[in-house]
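Here is the structure we will look at.
Where a number appears in this text, it was derived from the coordinates with a stated rule and is not lab data. No experiment lies behind these values; they were computed from the predicted model shown. As a convention, Cβ positions derive from the backbone with ideal geometry for all residues, glycine included, and neighbour counts pool all protein chains shown.
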């Protein structure tokens, strides 16, 4: 007698088809956005400004569409989120639809190790056991009109990139004060057992943090045989000192090379870089963490002061931001005075960075310099930065993180080349600072 | 007879070590890493250095298209490098075999990779090339 096997009855409850799943709940979308941000697909800078209550300014004409895609609205499948999802799908070898299909959901369901997918940084095992570091110069180069003053400013700019993302501060001292990071320009054999190889070849080298390398730990040496400059464009055969310095200081702080092309710690030199990549930031924060903000004062773009109003064709204050058109072939300076609490909870605050939110509509309108002041004292210079396009959260660090006494000012040096009016347009949305 | 073969082997070993001493490391360290991957280096432009802490010469060569990438090869015996080239900063062309060795110190600088120079087949001043 054969055994009869009863087939299980079909469940009456129908499972939701993952292929059809579109997150409808705002909380689900926020989870997705958080995941995409955590793993490097959604720009964490943009997400800082995507509050549901924020009213996006209303710029003229076609600029509105570009502005929309730059902002992230938490809880909504907006353009930025869909774009980030497509990037995620592409990276994981999925069909880049921007939709949560079965394959994408399964991939998202997989446990991640917590390390950003796009983070290819690599860290040495050593790190500094203090956050206030000093640096000093044994000597200087005089290539291409470089002077000690210009070199001090250039290296402070390089250190400021790392200072703006970590609890670290970097203060210049005399070489005789036994700085943590000793800097020198040398050719050939120079006493550390690792000679330079002349023009071309190794441009510089830097030692990892203590305890390895003894007295050399953290030190950075630059090959004097190279042709150093701080100008942009650098010109043929010349090497940007700020970029190489920032790269070397990454090693001085404990970073190895990164696989991410475009990052500061990518091994190849491909011209001037004035900013850290998200991968660099992830790497250095992996070692030292971030900083805790005590105060973050901001001011609207409508408060901008123009040094040479006659060099503008037009300036309009719309809502809380300002848009202006520079006359062709002119330069100008714009200034923000940031209302700054210098003392809070009986403690005098320190400056970590200034932050700007602006955009230009072409490379005919460029931000060249950003200088940061405490009262009338300049505390940081970011020069030859050549910024154009959308810059919705651009940080400009202050390497030595000084105490604030008289109130922060930000001065922005700009240039306008010949072009259409729209090409010579700049929008300033707001300016702020992080204080600790 | 019982002793003949071991003696023969021992003799061969001793003579073998003696003939290789000028171009290879000693037999003890050789045996430790003979199973590790070795890489040939052919007519590379390099530069001689000297690590005080190890008391060893090094030959470093540049990793193309990098800011600071270099391979630093520790020379186990000074006599492998001709006396006239035993100067920090001497630019040379060399060929040989390198390998990783766990007993070597870690890289001291960003972009540096440290190897042991197992065999040095050829070395001459770069200026003479």
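Before moving on, here are some points about what is shown:
- The distance from the alpha carbon centre of the stretch A:357-415 to that of the stretch B:65-83 is 44 Å, rounded to a whole number.
- Here the residues A:291, A:376, A:269, ranked from fewest to most Cβ neighbours within 10 Å of their Cβ, fall in the order A:376, A:269, A:291.
- Taking a point 7 Å from the Cα of residue A:310 along the Cα-to-Cβ direction, the residues of the stretch A:322-365 with backbone N closer than 16 Å to it are A:327-328, A:330-333.
- Ordering A:105, B:85 from the fewest to the most neighbouring beta carbons within 10 Å gives A:105, B:85.
- Pairwise FRET efficiency - residue A:139 versus residue A:417, Cβ, R0 = 41 Å, nearest 0.05: 0.60
- Residue mean of other protein chain beta carbons inside 10 Å, B:44-57: 3
- Here the residues A:306, A:398, ranked from fewest to most Cβ neighbours within 10 Å of their Cβ, fall in the order A:306, A:398.
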